[in-house]
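Remarks on the structure that follows.
Bear in mind that the values in this text are calculations on the coordinates, not laboratory data. These figures come from a predicted structure and were not determined experimentally. Because the Cβ atoms are built from the backbone with ideal geometry, glycine has one as well, and the counts that use them run over all protein chains shown.
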Amino acid sequence: QGTIHPFRKTHRSFFGKLSQEFRLVTSDRQSWRILVFSMLNVFCTGCLLMWCSSTNSMALTAYTYLTIFDLFSRVFSVIFVCLIAHVCVCVFSTRFKRLEVLAVFASTVLVQLGALFILKESVERFVEQPEVHTGRLLVGTFVALFFNLLTLLSVKNKPFVYVSEAASTSWLQEHVADLSRSLCGIIPGLSSVLLPRMNPFVLINVAGALSLSITYMLIEINNYNAVDTASAVAIGLMIFGTMYPMSVYSGKVLLQTTPSHVIGQLDKLLREVSTLEGVLEVRNEHFWTVGFGSLAGSVHVRIRRDANEQMVLAHVTNRLFTLVSTLTVQIFKDDWIRPSLMAEALPASTLRPSDYGGLSSFVPPPPKPSEDINRLTSTPFKPSSPPPEFSFNTPGRHVHPVVLPNTQPQRPYGMGLSYGASPYTSMLNQDLARPGMGIGIGMNLGMGAGMPSLQ
Amino acid sequence: MDDKYSSNVLSSGQLGMVEVPNARLTRYIVLLLVSKVLKALGIFESYDLLKVVHIVQFIFILKLGCAVILVFFQKPFSSGKAISKRQWIKLLKHSVISCIISLLGFFGLTLCGPLRTLLLFEHSDVVVIALLSVLFTSSGGGPSKTRGAALFIIAVICLLLFDNDDLMAKMAEHPEGHHDSALTHALYTAIAFLGVADHKGGVVLLVVSLCLKIGFHTASRKLSVEIGGAKRLYALDNLVSCIVLLPWVIVVQSSWSALILPFGMIIFSVMILEFYVESICIAKMEAPRCARYGSIFLFLSGLLLANFWTHPLTEQLRTMSKTPQQESTETEHVLSGGVLVSAIFFIMADSILSSPSKKGQKGTLVGYSPEGTPLYNFMGDALQHTSQSLPRFIKDSLKQILEEYDSRQIFYFLCLNLAFTFVELFYGVWTNSLGLISDGFHMLFDCSALVLGLFAALMTRWKATRIYSYGYGRVEILSGFINGLFLMVIAFFVFVESVTRLVDPPNINTDMLTPVSVGGLLVNLVGICAFSHAHSHGAAKSNCSSHDHGHSHGHGSHGHSHGSSHGHSHGGGMNANMRGVFLHVLADTLGSVGVIISTILIRQFGWLIADPICSLFISTLIFLSVIPLLTDAAEVLLLRTPPEHEKDLNIALEKIEKVEGVLSYRDPHFWRHSASVIAGTIHLQLMSDVVEQRIIQQVTAILKDAGVNNLSVQVEKEAYFQHMSGLTTGFHDVLAMTQQMESMNYLKDGTCIM
């Protein structure tokens, strides 16, 4: 029951599913609209294909492929709506996200292969250029442009919007951005219109229509039939240029790669993790995106023999949790068969104040190697961490413990946790000494305020 | 503008180069304008002169006159240091090359007229170097330069394709029959060999000689320093070239004494004035701006002259030329639309390409200085990594390819396929058969799938990097998926084509088809034999459909491989890449078989409809055989639990539950990462008094038996949740944690997918 087979399932009871899904789709208004647009698109594509064969124009065929691509993305979004509607989202949500990525990848690759086909045909046409009839050329162009823009602007396809924003710019976008920047140098008023990043789909539609109109003009005026082939090549190259970054982006997601834009952040977090007390090294770190945007990962952490595993695990998870939502941390200990001192027997209630100093700029008290317990449970930071920005052990900060007004409602923090109050009060002090550290502090404050009143 | 925020450092006004305002340079610009107009005039005139005067003689006279004037002005012998013998030899080489280049240039002038020569040949070094750097290096300097280069190329193509100069068609027939000299004759025959009209040959010749000229200028810079200044070099060069050309001129005797005046004008405007003005302007303005203005002036004046030039010399020349030519071919190069368009493009391209590159180096932002200005790091571009030499690169990659079985197979088959394709293409060109050529292109199109497969097989062995943390094994699956999509596209096109043919079956010429398709069949059979081994090793499990169809279709040559493949398909990892390649070859084979069958049917019975029906059938077959590959690859890409391991994994999970000390597990994710790697993550909840490492070891061993070889186990005890609640301290988090702790006893469904 846990697995779905998106392809096989449609094979099994195809018509029954289809009618059921159709009913489901028509019940929803949004998907109804998508369905109408898909129908329109199918109709338009059929017309265009007929006109393509009647005009014998390669460029129009290339442009039709864009329409087919639109149709693909529409159809995919319809399928998604169906899936959302009647497959339980909570169970398959991750897989569903993944399916979106696959859909984007497949449709961009398909349209690129279509463009490749166009290029091949164009090369053949350069050898022998057939006559091109211009009768329906312009009509077809404008019909296709109109429908494409209509569907693009009225039906928002979430994954495609995301990819087109997240992927690197295509060369078409770059050139348009460059041109519009120099245009804005002349007419500054246009900057709000031209300077933001262009939607690549709109761009390629408009550019293709433009080149088709030029083709029409040249064929009408001078009977240069070779222009048709040239503009087909141009449209094919534009399709390549536009779709390539998107397919690279989604392909990288499919290949389970670490997205390059989070590598800097990840490295920082991993460095922090490796400076935690007890951590010897971090290895086998794998991070990947499950769907668009949600990061998953697994990491192996080797720790000292006498370190508390659960403590380190909690700290590592806490660090990485901000960035990586689905995380698995495996803790390694070398030579664990030799019983370590008393790490396992250590009750949670004896935790020292400094255990929860979760902030990286937090400074440890001077290490006392003579005390056994203190070494085990001391701050998770190594003594070799960077020099302190401030020291919370300075008397001035401890002399006046701030009493918080109990503004927040009493929290049900019962849970049978036998935490001493001291960790949180010390934390409170520290946090108060460093205001403006972000959201986490507010949380800590609330906690600190709650705890003493409980006990 | 958003320059402030981009990573473009040098573009903001204060930091970039300081441009001299135009007002101060007006004098020089006017000077440049005058010299360019005169030069255009000179070129037009020399075109007229070249109709009567032999080209070598013409160049000789130019060089001679130039040398006389320059020796008079520059005094290369009396001033400066003496020139050594080695330098004389260098000078000789230099002048020989310069003679050749000017010969080519003026020959191009005779071929395609003054205006086109101006447009093609008279670009400054800056422009051409920018163009070449865009074309041949990766760091071209931003999109604007790319645009400029594209404009330049479009302009040249415009001249080549859309410039239907009526006169050229006439000249292409070579009405003159005799040529003045062996040299021109050789050039003419070379151009005729290329199979293009004379004027197009001239365009090609001019472009080539432009590149030569630029290379020559760049190379001669060193010599000019050695000799002592560009002007001295120029003077000496002219002198030496005179001497070089002298013997030739003596052989070619003709009178030109009546033409002193036009020659003087040409020498003055083309050779001397332009040289001096250019050098002054480059000194006063910077070179890019000089190039921009110069080319704009030159092209505009060329356009104007082409419109209004009435060939004042022509009458005079005709009277003086000894052989009164019949001159029905009043050969004047007209101003056509194509030339106009390309002139506009050339002007735009030149102004873009010669503009100083605004785009600074791309730097990465490293931080902010104390004053608040951003600091950039230029490491990447500043230290340009040296490019590998090409032969070495080829050798290395060949070695890599041949190392492993899969890639070796693909490579050999690719070579075979390419050889067949090129034979087909050459034969097609030889016999002028369009069908063969088109089939050859189709084969090339197919080869791209093989190249993709080869590349993927090569990439699979790359080392894991920071980004590809599991290694590149997955590329193979992705490439299999893409190949599957490729086949779908092919099947779709064949389907559409055959449907249209079904409606209106065309008459097919079957003579050529049979040998070609038999050849293709043979090649593909070799491929099938080569790949069937790998294929049977891979997961042939889901290939049943293709196998069945293959049998029913009746080529049993590869049936045996399928028959044997069912047994051990579970054992080896699946190699989607090889499967994709195999299916591709299979599809090709089907295509050739279909062609053979339909040819036989058409020949024997005259059923024209057999061809579309055959291709319809084949496309359906391809489609059906691709579906399993696509679904399998998609399942892997979707991180699904591998179906062949599903049962084992369920058993393993049950075992894990029974391990002593384990309370429960959650989030078990297992997926196939690549052919050899099955990765997994699992979270375990333990009782608080067991040793974690022991459990980890046990669980790893259990899952390893189930096939998971890249595992991460997160072991959680109650203490962990307490720590976490202490750390995260958000109320909702705590609540969620508690719920998780309570639900630890739940048995979860084991085969959840990530």
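Computed quantities for the displayed model
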read-out: Rounded if a/c under 1.5, otherwise prolate or oblate - the stretch A:221-272, Cα gyration tensor axes; value: prolate
read-out: Global form of the stretch B:645-730, assessed from the alpha-carbon gyration tensor, a/c cut-off 1.5; value: prolate
read-out: Length gained when the stretch residue B:624-residue B:403 is fully extended (0.36 nm per residue, less Cα-Cα span); value: 76.2 nm
read-out: At R0 = 41 Å, FRET efficiency that the Cβ-Cβ distance of residue B:73 and residue B:307 yields, to 0.05; value: 0.70
read-out: Inter-chain shielding of B:708-714 (mean C-beta neighbours from other protein chains, 10 Å cut-off); value: 5
read-out: Whole-Hz ³J(HN,Hα) from phi, Karplus 6.51 cos²θ - 1.76 cosθ + 1.60, for the stretch A:258-265, glycine and proline x; value: 6, x, 5, 6, 9, 4, x, 4
read-out: Rounded FRET efficiency, nearest 0.05, which uses the C-beta distance separating residue B:226 from residue B:287 and R0 of 25 Å; value: 0.70
read-out: Residues whose placed amide H lies under 5 Å from that of residue A:280, excluding near-sequence neighbours; value: A:302, A:303, A:304
read-out: Long-range Cα-Cα pairs in the stretch A:171-320 (distance over 21 Å), rounded percent; value: 66
read-out: Share, in percent, of DSSP beta bridges within the stretch B:633-713 that are antiparallel, nearest 5; value: 65
read-out: Sequence-distant residues sharing a close amide H with residue B:664 (under 5 Å, placed H); value: B:685
read-out: Label point distance in nm, residue B:465-residue B:500, each placed 7 Å from Cα along Cα→Cβ; value: 4.2
read-out: Karplus 3J(HN,Hα) series, Hz, for the stretch B:437-447 with 6.51 cos²θ - 1.76 cosθ + 1.60 (x for Gly, Pro); value: 4, 5, 5, x, 5, 4, 5, 4, 4, 5, 4
read-out: Local electrostatic count at residue A:130 - Lys and Arg +1, Asp and Glu -1, tallied over other residues with Cβ under 15 Å; value: -4
read-out: Residue A:143/residue B:208 FRET efficiency (R0 56 Å; Cβ-Cβ; nearest 0.05); value: 0.75
read-out: Cα gyration tensor category, rounded, prolate or oblate, for the stretch B:594-680 with a/c compared to 1.5; value: prolate
read-out: Formal net charge of residues neighbouring residue B:612 (Cβ-Cβ distance under 15 Å; K, R +1; D, E -1); value: -2
read-out: Residue B:705 versus residue B:658: modelled label distance in nm, points set 7 Å from Cα along the beta carbon direction; value: 0.9
